[in-house]
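Have a look at the structure below, then the notes.
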Amino acid sequence: MDTIMANPTPPESVATSTASKSSTPNRNTASNAQISPKPAAGAVSNPHKVPPRACYLSTHVKIEVGSKKKIYVIHKDLLRFYSDYFRGAFSGSFKEAIEGKVSLPEEREAVFDIFTQFLYSRLLADDRDEKISWATLVDVWLFGDKYLVPSLQNSAMDSLIKKIEVDHSVPTHQIKKIWEKTLPSSPLRRYLLEHTAYRLSASSFQMFENHWTREALVELVKTFFDKEDTKKYVFPAREKCYYHIHKEGEKC
């Protein structure tokens, strides 16, 4: 059974209590960071908001992941800063809080590796520094949805949008899984529906039958005809947070 010890020291931007500034904001680097003066009342949704130094001085907890029970050792308050699920699990008199351990047998190590990397760097990357696959990016977003980690979801959403724009393709092979594991109001569903509808001709619908569930196809047809009704044939420009998950009044 492997044990992974997460980075025990705070990032330089936290240790010095100063975030470096850039005239051109870059959502994928720490240079666009914002120092948070105290722990958030709920999980932070801005991936550039730096956890308080106290998070890196908190006690360690163990997260047991996957069928092989790989152990990750992570600062408790860092998990609580980013995730309402872990905030609840490691609070009060819950068994997990008393033992300082949570077991996640159904989760993939590859996804939790990315989550751990994100906790300490606010960046999405796998341990080989390779491009993250469609399947893993979707799983990272779904992991954030399941464990209430909105900033991870928002970073994954940005990466998915960028990958779709660069590759000029939609991960249709992931549609069934996405519709099975998300609600109709999901930003991930909304983006895939709108992106596909605005780049799709009516004659192209049957090519989606093998990958899209009946529910997804119904929603896609509705989105397509909404586009036709409004006479808007160009995918509308959206502000950065349109497909993000934020608390009221919070933005990236």
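The values are calculated or read from the model by the stated rules, or taken from the named source; none is laboratory data. A quick note: this is a predicted structure, and the numbers were derived from the prediction, not measured. Quick reminder, even Gly has a Cβ in these numbers, built from the backbone with ideal geometry, and neighbours come from all protein chains shown.
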Note to self: Looking only at segment 196-252, count every residue that is in a helix (DSSP H, G or I) and modelled with pLDDT of 70 or more and tell me the total.
What the structure shows: 16
Margin query: Name the single residue that is nearest to the chain's Cα centre (by Cα) among those in segment 134-160 being within 14 Å of Thr116 (Cβ to Cβ) and part of a loop (DSSP other than H, G, I, E, B).
Written below: Val149
Notebook entry, point to check: Going by the structure shown, is Asp113 of a type in the set (D, E, K, R) and closer than 25 Å to Asn210 by Cα?
Noted result: no
Margin query: So for segment 161-172 (the condition being part of a helix (DSSP H, G or I), acidic (Asp, Glu) and modelled with pLDDT of 90 or more), does at least one residue qualify?
Written below: no
Next item on the list: May I ask you to say which residue of Lys68, Lys146 is of a type in the set (Lys, Arg) and over 23 Å from Pro187 (Cβ atoms)?
Entry: Lys68
Next item on the list: Determine, yes or no, whether Ser185 is closer than 17 Å to His211 by Cα and without any contact (Cβ under 8 Å) to a residue 12 or more places away in the chain.
Entry: no
Next item on the list: For residues that are of a type in the set (S, T, N, Q), touching a helix residue (DSSP H, G or I) at 6+ places or on another chain (Cβ under 7 Å) and touching a residue at least 60 places away in the same chain (Cβ under 8 Å), tally how many sit in segment 43-97.
Entry: 2
Next item on the list: Quickly run through segment 56-76 and pick out the residues that are in a helix (DSSP H, G or I), out of contact with any Pro (no Cβ under 7 Å at 6 or more places or on another chain) and buried (at least 17 other Cβ atoms within 10 Å of the Cβ).
Entry: Lys76
